[in-house]
Amino acid sequence: MLRATSLARRPLLLLVIISILPLQVAGDSVFQDDEDPTWRTTPIDPEEWVDGPVLEGSPMDDPIVGQAVLAIDVSYVAEHDSGRVQGRIIIELFETWVPVTSEHIIELADSGFYDGVFFHRVIDDFVTQSGDPECRTSGVYPATSPMCGSGGSGQTVPLEHDENMSHIDGAIGMARDIDPDSADSQWYICDGPQHGLDPENRDDEGYATFGVVRDGMSHVRAIAATPTSNAPLGPDLLSAPLGPDRPLHEATVVRMSLIGVVGIDVDSSLDSLAVADSSTWSSARFVSLGLAIVAMAGAALLAFRPKDSIG
């Protein structure tokens, strides 16, 4: 009797285990942790962008669904007798076309690397440049590190070009040294088209862009036109040919962060996922229930078989 009971339990245990497996597999697939950061599931509606650059028929003119959206919160003084302005510059990063550079900037921005860094070089109708961690105010501006303008994160990226990318108005690009693969953390935003920086218009490899301003372009232009060490009365009144082009009043990147992606309808995507998950669970439960019934029936038959048929 002991042997018969033991043998009867073995197929029961085996079938119960088999019946549970589909449910476990379904559970693993449905409840797998989502490792994407929150901003990856935050859609940004391009219709909200009203202060962009001048378009010129470039592939960069139109937003691309799914691309990362970067916010640069800035603080600056546009003119000597004006108050401090707080603003936000919205950048679309072209991850599809320049993935290495885009990911590099995303990692630095996500870590808070750029927060508190000031614009150390601005030239009206050319560029506004920032991104150097050495360019932080020490006490009272303009006191700063003597290395301001030459610092970085210590992690360089290779020069990354794409035929769709160029220095259109509002383009953001990577500053570098003579070595084309020396771009680190410093970036610049074009105030007006600067196609003289594109590789096809230069004797060297040129400079690489990785995104474009989608909103807040008026802040870029105001920072570019602020009085500097080279033009202390403003770019239209007095300009010296040499110098660091340092703003006389601190223009700061208060914060630089990822805020979303271009135009993904997350609600619809989640609804579709929920339907798929529900279907998966329903199928798994149906199969498991069927196998459990078979297991119970098989165990019952084995339990009531004559003793001599077991041995």
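Look through the stretch 215-269, keep the residues that are acidic (Asp, Glu) and closer than 19 Å to Glu79 by Cα, and return whichever of them is modelled with the highest pLDDT. Among those that are acidic (Asp, Glu) and closer than 19 Å to Glu79 by Cα, it is Glu250.
Rundown of residues vs (1) of a type in the set (Val, Ile, Thr); (2) assigned to a strand (DSSP E or B); (3) surrounded by 20 or more Cβ atoms within 10 Å (Cβ to Cβ); (4) not assigned by TED's automatic domain parsing to the domain that holds Ala225, yes/no style:
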| residue | (1), (2), (3), (4) |
| --- | --- |
| Thr101 | yes, no, yes, no |
| Asp125 | no, no, no, no |
| Tyr141 | no, no, no, no |
| Ser150 | no, no, no, no |
| Asp169 | no, no, yes, no |
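Looking only at the stretch 64-88, filter to residues that are among the acidic types (Asp, Glu) and surrounded by fewer than 16 Cβ atoms within 10 Å (Cβ to Cβ); which one of those is farthest from the chain's Cα centre (by Cα)? Taking the candidates together, the pick is Asp81. Count of the stretch 177-193 residues, restricted to those that are over 18 Å from Ala224 (Cα atoms) and either of a type in the set (S, T, N, Q) or buried (at least 19 other Cβ atoms within 10 Å of the Cβ) (or both), is 4.
Residue by residue, here is whether (1) under 28 Å from Asp198 (Cβ atoms); (2) in contact with an Asp or Glu (Cβ under 9 Å, 6 or more places away or on another chain) holds:
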position	(1), (2)
Pro53	yes, yes
Val77	no, yes
Thr137	no, yes
Glu160	yes, no
Glu163	yes, no
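When residues of the stretch 202-225 are filtered for being free of Cβ contacts under 8 Å to residues at least 60 places away in the same chain and farther than 17 Å from Met174 by Cα, how many remain?
Selection size over the stretch 202-225: 2.
For the stretch 52-62, a tally of residues being within 21 Å of the chain's Cα centre (by Cα) and farther than 15 Å from Ile172 by Cα returns 1.
Just a yes or no: is a residue in the stretch 194-205 buried (at least 17 other Cβ atoms within 10 Å of the Cβ), outside any helix (DSSP H, G or I) and out of contact with any His (no Cβ under 6 Å at 6 or more places or on another chain)?
First, pick out the residues of the stretch 194-205 that are buried (at least 17 other Cβ atoms within 10 Å of the Cβ): 194, 197-198.
Adding the requirement that they be outside any helix (DSSP H, G or I) leaves 194, 198.
Of the ones still in play, those that are also out of contact with any His (no Cβ under 6 Å at 6 or more places or on another chain) are none.
No, that holds for no residue.
The values are calculated or read from the model by the stated rules, or taken from the named source; none is laboratory data. Since we're looking at a predicted model, the values are computed, not measured. In this analysis, Cβ positions are derived from the backbone assuming ideal geometry, glycine residues included, and neighbour counts consider all displayed protein chains.
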